[in-house]
1. Exposure proxy check: LEU123, LEU183, LEU54 ranked by fewest other beta carbons within 10 Å?
2. Does anyone have the angle between helix 90-122 and the longest principal axis of the chain? Alpha-carbon axes, 0 to 90°, nearest 10?
3. Going by how many other beta carbons lie within 10 Å of each one, how would you line up ILE58, ILE100, fewest first?
4. What is the gain in length, in nm to one decimal, between ASP153 and LEU166 on full extension, counting 0.36 nm per residue of separation less the C-alpha to C-alpha distance?
5. Mind giving me the FRET efficiency for ASN13 and GLU95? R0 is 25 Å, r the Cβ-Cβ distance, nearest 0.05 is fine.
6. Please list, by residue number, everything in region 154-198 whose backbone N is under 17 Å from a paramagnetic label point 7 Å out along Cα→Cβ of ASP121.
7. Please compute the length gained on full extension between TRP176 and TYR142, using 0.36 nm multiplied by the number of residues separating them and subtracting their Cα-Cα distance.
8. Average the reciprocal distances over every distinct pair of alpha-carbons in region 8-148, invert the result, and give the Kirkwood radius in Å.
Amino acid sequence: VLDESTNRADNDNEVLVSGKSYTNMEHKWDEAFGYLYGAEPDATMPILDQDSFLSEYIDRVEGDADFAGIATTIYDAFKLGRAAIVEKNYSVRDEQAAIIRENISLIPAVRAVFYLQNGKDNLTADPARAFHGLSEAYGFIYSLQFTRNPDTDAPYFSKTEVDTYLSQLMAGNGFWDITPTTLDQISDDIAARFNFTTAQASN
C-alpha cells in the first residue's frame, strides 16, 4: 500500500496526513513496523519476545546459531527503508521492503521444520509432546501461504501446496498415524524452498 492512490506524489511534495506530522507513505511504513515492534518497551532498542506472535518467533529463530543475525537484518531494513522514504529514494525503500519480506517469510518456515522434527523425535517416547510439536507445525505450515517471495511477489508456497501438506499430517488417524518419513519429506520440501536445511532448523 506504500504507493496506493497519491501516496508517492504526496510524499514527494511533503503533503502530510491531516493534523499529523507524517506523510501517508511514512504512516504505512510505520504501521508495518508497529506490527512487529509495537509491544517493545523501547522500539529503538528491540529485545523481541514481547508478544506471542511474530516477535516471539523471530526471537526463537534468532536464537538458533544457523540463523543468528536475522533480527538485526529485519530491524535495519525497517530503519533504512524509513529513512529512504524521507529522502524520497524509492529504489532503496523497495530494496529494504524486499529484505523484510524475505526474512519475515523465513520465520514460519524455520519454525515449521523445527516443530516437525520435534514431533518426529518424540513420536514413540512422548506422544503428548510430539502432538504438541506437530500442532505447532500445523499452524506454521498453514501460514506459509501468506509469505511473500520478493522475487516473484507471490507466496513461497501456494494454498494448494499448503493444503496438501496439512492433508498429509491429518491423513488416517492424523498424528497417531504420521510417520517419520512423511515428517522428513515435508521438512525437506519447506527447507529447500527457503535454501536452508532440515538439520539447520532442527536445533
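1. Values: LEU123 19, LEU183 26, LEU54 16.
With the fewest neighbours first, LEU123, LEU183, LEU54 line up as LEU54, LEU123, LEU183.
2. 20 degrees
3. On the way: ILE58 24, ILE100 21.
Sorted ascending by nearby Cβ count, the order is ILE100, ILE58.
4. On the way: separation 13, 0.36 × 13 = 4.68 nm, distance 2.36 nm.
Once the chain is fully extended between ASP153 and LEU166, it gains 2.3 nm.
5. Details: r = 23 Å, r/R0 = 0.93.
Calculated transfer efficiency: 0.60.
6. 180-181, 183-185, 187-188, 197-198
7. On the way: separation 34, 0.36 × 34 = 12.24 nm, distance 1.98 nm.
Length gained between TRP176 and TYR142: 10.3 nm.
8. On the way: mean 1/r = 0.0594 Å⁻¹.
Final number for the Kirkwood radius of region 8-148 is 16.8 Å.
Here, each number is a calculation from the coordinates, and none is a lab measurement. A quick note: this is a predicted structure, and the numbers were derived from the prediction, not measured. Positions of Cβ are backbone-derived with ideal geometry, glycine not excepted, and every protein chain shown enters the neighbour counts.
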